[in-house]
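The values are calculated or read from the model by the stated rules, or taken from the named source; none is laboratory data. Keep in mind that what you see is a predicted model, and the values were worked out from it rather than measured. No Cβ is skipped: glycine too gets one built from the backbone with ideal geometry, and neighbour counts run over all protein chains shown. Remember, those area values only see protein heavy atoms, side chains included, never the ligands or the DNA or RNA. Shrake-Rupley method; radii C 1.70, N 1.55, O 1.52, S 1.80 Å.
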Amino acid sequence: RKKKRMDPIRGKIGVYHIMIVSKYFESIDDFINMEIGIPKAKGNMSKFHYNPISITQQTKRYFPNIETLHVYDKKDKYVKGKKIFQIVDWRRRGINHIKIMNKVHNDKIEFKHVLYSRKEFSRHGKWTLDIPYGVDEITENAFKHINISELKELTVPETVKTIPKKCIDNCYRLS
């Protein structure tokens, strides 16, 4: 009597697992090929309420239920949609750019990588400096164009991960 060999994976991968795996895809072609090749994956893209990959106005139709738009790459644009309630921008952005974009988009944008650079510093006071909450990076030359030795006070929020040594090398009066 012959025993049937069972495939250990067959029947054990469900739609939830398919969705988890597809979060790591890199292109719309990966999603399309999976939906064509795996019957259980049919309709997988419509289950996402955010876009796990960069999308355009044309490819947005594959993710019809997006409520949160993620912007990953510098080539990405903020695509429009009636159902989009929030935008999450993963690109490096200066604090002044963020202020402008939040005015335009009524504070619907969450910025994940906020930097404080020379451009931002030039708009603040000379002897004291409060880096705004939410900034997570201070660039190496953020204070380069001013006489940094005059800086007496620097307030850094807990969101800043590191401060490059070169950034404050000549801050002799810093308290």
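Using the charge dipole of region 29-109 (Lys, Arg: +1 at Cβ; Asp, Glu: -1 at Cβ; taken about the Cα centre), state which of GLY43, ILE98, VAL79 has its Cα farthest towards the positive end.
Farthest towards the positive end: ILE98.
Could you give each residue of region 152-158 its phi-based ³J(HN,Hα) in whole Hz, using Karplus coefficients 6.51, -1.76, 1.60 with θ = phi - 60°, and x for Gly or Pro?
My calculation for region 152-158 gives 9, 9, 9, 9, 10, x, 5 Hz in order.
What nm value, rounded to one decimal, do you get for the distance between TYR50 and VAL21 when each label is placed 7 Å out toward the C-beta?
Going by the 7 Å Cα→Cβ label model, 2.2 nm.
Keeping every protein chain present and rolling a 1.4 Å probe, give me the accessible area per residue for region 6-119 in Å².
On the way: 7570 Å² over 114 residues.
Result: 66 Å² of accessible area for each residue.
Give the value in nm², to one decimal: projected area of the alpha carbon convex hull of region 36-102, averaged over all directions. Intermediate values should be presented prior to the final figure.
Details: hull surface 20.7 nm².
So the Cα hull casts an average projection of 5.2 nm².
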